[in-house]
1. As an exercise: evaluate residue 151 against (1) modelled with pLDDT under 90; (2) closer than 30 Å to residue 228 by Cα and give the number of the one condition it does not meet.
2. Can you find even one residue in region 305-316 that is in a helix (DSSP H, G or I), at pLDDT 75 or above, within 17 Å of the chain's Cα centre (by Cα) and closer than 27 Å to residue 144 by Cα?
3. For region 217-254, how many residues meet the condition of being over 21 Å from residue 145 (Cβ atoms) and touching a helix residue (DSSP H, G or I) at 6+ places or on another chain (Cβ under 6 Å)?
4. Report yes if residue 281 is loosely packed, with under 10 Cβ neighbours inside 10 Å and without any contact (Cβ under 8 Å) to a residue 12 or more places away in the chain, otherwise no.
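The values are calculated or read from the model by the stated rules, or taken from the named source; none is laboratory data. Model, not experiment: these values are computed from the prediction. Cβ atoms come from the backbone with ideal geometry, glycine included; neighbour counts cover every protein chain shown.
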């Protein structure tokens, strides 16, 4: 039995409301829409009558078609909402990608500038190192030349002193030879003619030796004059070289100060470069190349030092040769008076 107050019109109104909400108008749905009033049998009866009435006017779509339409509309709505979300996500992704591309471009520009600046600093450092090495080599050459000139001056002074002593010794020997000759002439006046001829031969031999000694003295005096003139020239040249060495030392100090400043700037650039190292590995390659260049320069410096040691060895050999020559001169000076002494007893 239907409850009092529930009419067919109320059931129709509830069914139309459910259809407008795209809900299936089942008995339970209609009863809920009516506020849980009325019996299910009454509601089912009214729904059946309404369906029969609708079939008379137009063909009522089947439940499956209604569900298909509902599913299609829901699918279109979900597809539209999903497409809107996808469009928004794509716009966000495009904007983010554009920002990332801009950041990458900025970082690439910054990296390029940093690389160019680093290469410029490395070039400046290489030029300064090369300039310093050239100045050091020139300073070493000037120092070697200065030491050589000082050694030559010392040798010339020693040779001059030896020549003076030899000159005095020759004069003394000449006086002794004259005295011995006079004494010999007095002692052989009473001897036989044979002794007189021997005496004349000895006198001639002594005169020949005296002439040779006088010629030697003249030659040594000329050599001393030449050596003295050369010594004066070498002294003037040595003073000029000392002035040039002082100027080179001042220039080298300035280069050292500039090199220190550049090294500080290079350290700052290296610190900045280290911050970008994790993102851009190419900076490490540039530093490794700089390290190889530094090692190559170090090897060239060691080779230059080896050549310097070889030059010092050659200078030491020249000094030994000079000492041997002086020793031979001393032996010659010693043998000369011995020869005169040996001739004197033979004549007696």
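1. (1)
2. So far as region 305-316 goes, no, none of its residues is in a helix (DSSP H, G or I), at pLDDT 75 or above, within 17 Å of the chain's Cα centre (by Cα) and closer than 27 Å to residue 144 by Cα.
3. Total meeting the criteria: 3.
4. yes
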